[in-house]
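Working notes, structure below.
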Amino acid sequence: MALMLRRGKKPSPEVSLWQDAWRRLRRNRLAVLGGLVIIALGLAAAFADAIAPYHYTKANFLHAYEFPNRDFPLGTDPLGRDMLSRLIYGARVSMLVGFVAQLMVVSIGVPIGALAGYYGGTVDLLIMRGVDVMYAFPRLLFVILIMAMLGAGLLNIFIAIGLTGWVNIARLTRAQILALKAQEFSEGARAVGASGPRVLCRHLLPNALSPIIVAVTFGIPEAIFTEAALSFIGVGINPPTASWGQMVGEYQQYILSYWYLCVFPSAAIAVTMLSFTFVGDGVRDALDPKLRD
Amino acid sequence: MMFYLIRRILWLIPTLLAMALVTFLVMHATPGSPLEPEGGNNPLSPAEQNNLAAKYGLDRPLWAQFGVFLVNAMQGDFGHSYVYKTRTVAEILGDAFPVSLRLGAMALVIATCLGVGLGVLAAVHQNSFWDYLSVTTAMVAVSIPNFVMAVFLILLFSFLIPVLPTGGWGGPRDWVLPTVTLALAPMAIIARYTRASMLEVIHADYIRTARAKGLTDTAVISKHVLKNAFIPVLTLLGPLFAAVGTGSFFVESIFRVPGMGRFFVISMTGRDYPMIMAVVLCYGVFLAVMNLLVDLLYGVLDPRIRVGAKG
Amino acid sequence: MLDHAQQRLLETRLASIGVGRRDFLRLLAGMTTAGSMFLTTAVPTVHAAPAPGDKLAKVQVFRRGDFNDEPASFDINKDLYCGCEFTVFAGLMRFTPDFVAVPWMAEHVESNADGSVWTFRLRKEAKWSNGEALTAHDFAWSWKRQLDPATAAPYSAFLYDLKNAEAFNKGQITARDAVGVKALDDRTLQATLEGPRSYFPVLVAYYAALPAHRPSVEKYGDKWTEATNIVSNGPWVLEGWGHNQQFTLKKNPHYFDRDHITLERVVVPILPRAAGLLPYENNEVDYALVPPGDLRRLQADANVSQQVSRYFYPGTFYLVPQVVAPPFDHLKVRRAVSHAIDRRIIAERVSQGFGIPAHGMIPPGLPGHFDDEALQQLQRFDPKLALESLKGTPYEGGKHWPKIAISMRDEPYAAKPMAEALQAMLQDVLHMPTELEVLEPRVFRERLWKQDLQLIWIRWFMDYPDPHNEYFDTFYGKRTTGKRQAWSNEVFDDLITKARGELDPQTRMALYRQAEEVLQAHVGYVPVVWTVRYVAFKPWVKGLPRNKAGHIVPDGNIYRGMLEHIYIVEH
């Protein structure tokens, strides 16, 4: 399956799927752009202390609610804190929310899906029914339910998103494991000549992991969105921690009067979302065997 | 096929049961008791709390409470709301659910039509101006949270171009803004996937065969491409139902639509146990039914995917 | 002409705005005719007749936009926090725009010599909306219903001043007749209290004393306040209730003063807070409360700023350092907190004018309000003094602070930004790092009663304009229910108990003043701001009620009656 449907040339045997994928990814301009933005955000998050003009808790009460000006390029918030600084520090929290939540999703979803796929039978049946139950819960509602139980806070957001997001990954993992199992018995041993782990790692696994990687990539901005939604409802991160989602949720009420309070964090989230989407698309195209050249 | 249908419907029952159980447990594990009054300067006296607990049935052990709930629910009695004293939960949701259903349905119809249309346009005119325009629109629509988008739309269509009211649910004019706000993100996602899958199909071998056979472009597109391209879109519809269902909370609040979405948060903060259970089950049934419909549609659209043969 | 009760009330009111006893006596002498002790006036008729030049609109319908949530019911007697329109019912007394309690359904109010037995005589024109006469039995039954433990009313403690009420509510006695409220006949209600309580008429004017219609309750149970079933006795009747969309009120044809009311109907859509001020700005409603974020924008617009009015929503935001746990078990630390806060900045900058600096518990304009130099000095903003105050404590120099959490409940009107500002100030001045914990209302209150919170950011909205409400209901150390904080003090408790029964207004206020000083000396709490709100009325809404100072007084927690004054002009 992985090696069918080529158009034209034969794959050069020295180039593994990974290397080929990387090459293709590099050529995808949008994906590269997205990747650069994400790296920039990551750096901003890591070196926030050095980059940000002010500390994110530094309150300048006499300059509260100021529109963007020379001292405060992106304006100030209700306590006179610099929006630019808060956005930079917010990158840290938002990146954390995105990555750690997805980490939890993967660490729960992949093992469960793998178990279901590998053992099959009753185990599979039980697990898939559990997945059905989780699927029937509208995700945001369940997140709110869990947040109510645990209370507000960053760690609780990770847990809530992790506990509700593993379903998709589990399903994907299971599907991939099932496909792998089928291949093992049918063509893997004979078709290529080399068999066993080598085939798996160099040719089959990249394809297997592809949908999972893509799902994780799309899940990151989704987690950031969920955090914004929670803050809008009022069960988000506690102040004074700055996070983009928290800013969007809390400052939505000021859109008409102090638009910059809500628009800049929204823009930050939007840019991040787009970057991850481009990268995700790029990764999927890069790992898609049908597009190999 | 019939067999499959029956099997799926039967599986609904343990699924809903499990959902109810999970919700019940999480609900009772949440700090903050419904016996604590909504506001005020004192907690209720112990005598009052006992009376209230008896009235709500909270003085029984947990397993008994769950049992009572199930027995009543099967008869359609979801109890009285702890928050809204004059109505039963069934009455409240009976009013609210159809509203959310209509809002969600309208939003999805618009999202699908516009999304597929945009996607087809973009795919057929790949790399042209239309392609970039639709892709950009889609990107923008999906990267702004809908509670932010809502305000922009109100500003645009209620104030700048005063044609629409800022909310309510009286007549068709009131439906426009909430529906559009809710439809934007799904529309964008559908457009993207439609475009991608159409491109895949367009370049696929069997389309080349059709072209070689001499079919015109339009015939090719309408006969083969669309039908097969729609299948991945169909995959999306299931999760999109869910997304629209939950996203409706913000839209319903901002546009004051008297739907079910609002109740979820209100019932959570109000520790309105009967309402929480009913809302969750409502969503559960709805999503399960929608997923089933989607799976059936699969079979209709693609003979290769015959339902019942799945592992 | 004025009876003893009215006299005391009037004196209290005048005292709080600076009229001393000698002037008061002169006033009184001027008003007396014979030595009669009975009241003759009922509601002072201040209904605004349309001003000359005002052309009344044909359709007198008012659309109000200040209801954010669907009412839980209209059964105020059972559930004070049902979130409905209170003036669907009418109590024995009510408040004027100056927050003075005056008779309403009653026409006579008198007490015995020491103020422990109060008798109310109902006016004979008082009727229910179905034409039935309103009787004293209705009130007696309603109050007992509220106290009945089976009802589980959230504010049943409100009536604990009635004899045996607390015991009845706690299930210690079961005989309803033992409760000290009784209808002597159809038109006379007698309340026997646990002791002298000079503020009882003020208490009776608050919504927690509103009646319910017994036949309807017995017939329909919990559904009796649905629009099709409800029978009420106030100026307005619930005409229709489209759940979660809107409810409409119409003038009660059996209300005794209906001829002075111009509005015919009131339409109240349910506008969730998320919708903001947009419906008002789009002319979909005639009246709205201004959210903090929108005030400056409205004030900047020449036209719209005319529509905005400022008013006091009597309430106080304050910090409570819990005295039973470190670090606030040290008086010096609490004092340091008091000096570390710049109230002016919080009021003017952070809350955007939705508060004024507070130095005491009782807001301006209300009996018992003090804000003099001495009190201000006691709590002045002085960063150096704040840090110095820490000398001798383990946290000297602002070091070695333990983990500190400020807890608050999630609420609007800039509560969260104010808490964050306090965090910043404590950090700046005292190097005290704090975490802000925003809790759900129920969770917050549960922990509050357990004294489980370390530093509490909390607000108190006045229920009725009497210092007893602020001091007893919040800080009394021996409260049997609803104790908000662990702080208590014998001297304070004695003062409050003495003031409760004191009949002479001046002495009484002096006692409360002393109590406040004790409270401040021990820093049992740190007042921060008194709440201020803003409303917007469309220009075609006229006849707004005003107080003696000329300020507009819209419906709030104490005064509620603007619907009876308003009229719509042609537009």
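The values are calculated or read from the model by the stated rules, or taken from the named source; none is laboratory data. Just so it is clear, the model here is predicted, and its values are computed rather than measured. Virtual Cβ from ideal backbone geometry, glycine too; neighbours counted across all protein chains shown.
Count of region C:274-285 residues, restricted to those that are more than 8 Å from every other protein chain (Cβ to nearest Cβ) and surrounded by fewer than 20 Cβ atoms within 10 Å (Cβ to Cβ), is 1. The lone criterion from (1) touching a Gly at 6+ places or on another chain (Cβ under 9 Å); (2) over 19 Å from C:Thr135 (Cα atoms) left unmet by C:Ala191 is number (2). For region B:260-279: of the residues being more than 9 Å from chain A (Cβ to nearest Cβ) and hydroxyl-bearing (Ser, Thr, Tyr), which is nearest to B:Leu17 (Cα to Cα)? Only one residue tops the list, namely B:Tyr273.
Among the residues making up region C:244-273, those that are touching a helix residue (DSSP H, G or I) at 6+ places or on another chain (Cβ under 6 Å) and either within 14 Å of chain B (Cβ to nearest Cβ) or at pLDDT below 90 (or both) are C:Leu271, C:Pro272. Checked against (1) within 12 Å of another protein chain (Cβ to nearest Cβ); (2) farther than 26 Å from A:Thr277 by Cβ, B:Ala150 passes all but a single condition, namely (2).
Residues that are surrounded by fewer than 21 Cβ atoms within 10 Å (Cβ to Cβ), part of a helix (DSSP H, G or I), within 13 Å of chain B (Cβ to nearest Cβ) and at negative phi within region C:218-237 comprise C:Tyr220, C:Asp222, C:Lys223, listed in sequence order. Pick out the one residue from C:Tyr476, C:Tyr413 that is within 19 Å of the chain's Cα centre (by Cα), within 12 Å of another protein chain (Cβ to nearest Cβ) and free of Cβ contacts under 8 Å to residues at least 24 places away in the same chain. One residue alone meets the criteria, C:Tyr476.
If we scan region A:149-166, do we find a residue that is surrounded by 20 or more Cβ atoms within 10 Å (Cβ to Cβ), outside any helix (DSSP H, G or I) and in contact with a Gly (Cβ under 8 Å, 6 or more places away or on another chain)? There is at least one residue in region A:149-166 that is surrounded by 20 or more Cβ atoms within 10 Å (Cβ to Cβ), outside any helix (DSSP H, G or I) and in contact with a Gly (Cβ under 8 Å, 6 or more places away or on another chain).
In this structure, does C:Ala140 turn out to be in a helix (DSSP H, G or I), on the phi < 0 side of the Ramachandran plot, more than 23 Å from the chain's Cα centre (by Cα) and touching a residue at least 24 places away in the same chain (Cβ under 8 Å)? Yes, satisfied. Restricting region C:286-323 to residues that are surrounded by fewer than 18 Cβ atoms within 10 Å (Cβ to Cβ) and of a type in the set (Gly, Ala, Ser) leaves a set whose member that is nearest to the other protein chains (Cβ to nearest Cβ) is C:Ala300. None of A:Arg86, A:Arg70 is of a type in the set (Lys, Arg) and part of a helix (DSSP H, G or I) except A:Arg86. Of all residues in region C:105-117, those that are touching a residue at least 24 places away in the same chain (Cβ under 8 Å) and surrounded by fewer than 23 Cβ atoms within 10 Å (Cβ to Cβ) total 7.
Here's a check for you: in region A:233-253, which residue that is within 21 Å of C:Ser351 (Cβ to Cβ) and at the interface with chain B (Cβ under 10 Å from one of its Cβ atoms) is modelled with the lowest pLDDT? Filtering first and then ranking leaves A:Gly234. Confirm whether A:Ile108 is closer than 18 Å to A:Ile224 by Cβ and touching a Leu at 6+ places or on another chain (Cβ under 8 Å). Criteria not met by A:Ile108. Residue-level check: of (1) touching a Ser or Thr at 6+ places or on another chain (Cβ under 9 Å); (2) buried (at least 22 other Cβ atoms within 10 Å of the Cβ); (3) under 19 Å from C:Ala414 (Cα atoms), A:Gly234 misses just (2). Has region C:286-308 got at least one residue that is in a helix (DSSP H, G or I), under 24 Å from the mean Cα position of the chain (by Cα) and in contact (Cβ under 8 Å) with a residue 12 or more places away in the chain? Yes: one or more hits. Inclusion of C:Tyr471 among residues that are within 18 Å of the chain's Cα centre (by Cα), surrounded by 23 or more Cβ atoms within 10 Å (Cβ to Cβ) and over 24 Å from C:Gln352 (Cα atoms) is warranted.
Residue by residue, here is whether (1) of a type in the set (S, T, N, Q); (2) under 21 Å from A:Pro221 (Cα atoms); (3) within 22 Å of the chain's Cα centre (by Cα) holds:
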position	(1), (2), (3)
B:Leu101	no, no, yes
B:Ala107	no, no, yes
B:Met139	no, yes, yes
B:Ile144	no, yes, yes
B:Phe157	no, no, no
B:Pro165	no, no, no
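Among the residues of region B:166-204, those that are surrounded by 24 or more Cβ atoms within 10 Å (Cβ to Cβ) and at pLDDT below 85 comprise B:Thr194, B:Arg195, B:Met198. In region C:438-452 there is no residue matching the filter, namely being surrounded by 17 or more Cβ atoms within 10 Å (Cβ to Cβ) and away from chain B (no Cβ under 14 Å). Of everything listed in (1) more than 24 Å from the chain's Cα centre (by Cα); (2) over 30 Å from B:Leu153 (Cα atoms); (3) surrounded by fewer than 23 Cβ atoms within 10 Å (Cβ to Cβ); (4) hydrophobic (A, V, I, L, M, F, W, C), the single unmet condition for C:Phe168 is (3).
A single entry from C:Leu80, C:Leu162, C:Leu147 fulfils the requirement of being of a type in the set (A, V, I, L, M), surrounded by 20 or more Cβ atoms within 10 Å (Cβ to Cβ) and away from chain B (no Cβ under 14 Å): C:Leu162. Of the residues that sit in region C:207-217 and are away from chain B (no Cβ under 14 Å) and in a helix (DSSP H, G or I), which one is farthest from C:Arg560 (Cα to Cα)? The residue in question is C:Pro215. Within region C:509-517, identify whether any single residue is within 14 Å of another protein chain (Cβ to nearest Cβ), among the small types (Gly, Ala, Ser) and either closer than 30 Å to A:His63 by Cβ or not in a strand (DSSP E or B) (or both), and answer yes or no. Within region C:509-517, none of the residues are within 14 Å of another protein chain (Cβ to nearest Cβ), among the small types (Gly, Ala, Ser) and either closer than 30 Å to A:His63 by Cβ or not in a strand (DSSP E or B) (or both). Test C:Gln376 against the stated conditions and say whether it is over 17 Å from C:Gln427 (Cβ atoms) and part of a loop (DSSP other than H, G, I, E, B). Considered against the rule, which asks whether it is over 17 Å from C:Gln427 (Cβ atoms) and part of a loop (DSSP other than H, G, I, E, B), C:Gln376 comes out as no. Within region A:24-45, being without any contact (Cβ under 8 Å) to a residue 12 or more places away in the chain and farther than 14 Å from A:Phe276 by Cβ holds for A:Arg26, A:Arg27, A:Arg29, A:Leu43. Only one of the numbered conditions (1) in a loop (DSSP other than H, G, I, E, B); (2) more than 29 Å from C:Arg447 (Cβ to Cβ); (3) free of Cβ contacts under 8 Å to residues at least 24 places away in the same chain is violated by A:Leu79, and that is (2). Is it the case that region B:154-170 has a residue that's assigned to a helix (DSSP H, G or I), more than 30 Å from A:Asp281 (Cα to Cα) and more than 14 Å from chain A (Cβ to nearest Cβ)? Yes, that holds for at least one residue. For the condition part of a helix (DSSP H, G or I), surrounded by fewer than 24 Cβ atoms within 10 Å (Cβ to Cβ) and within 14 Å of chain C (Cβ to nearest Cβ), B:Val285 does not qualify.
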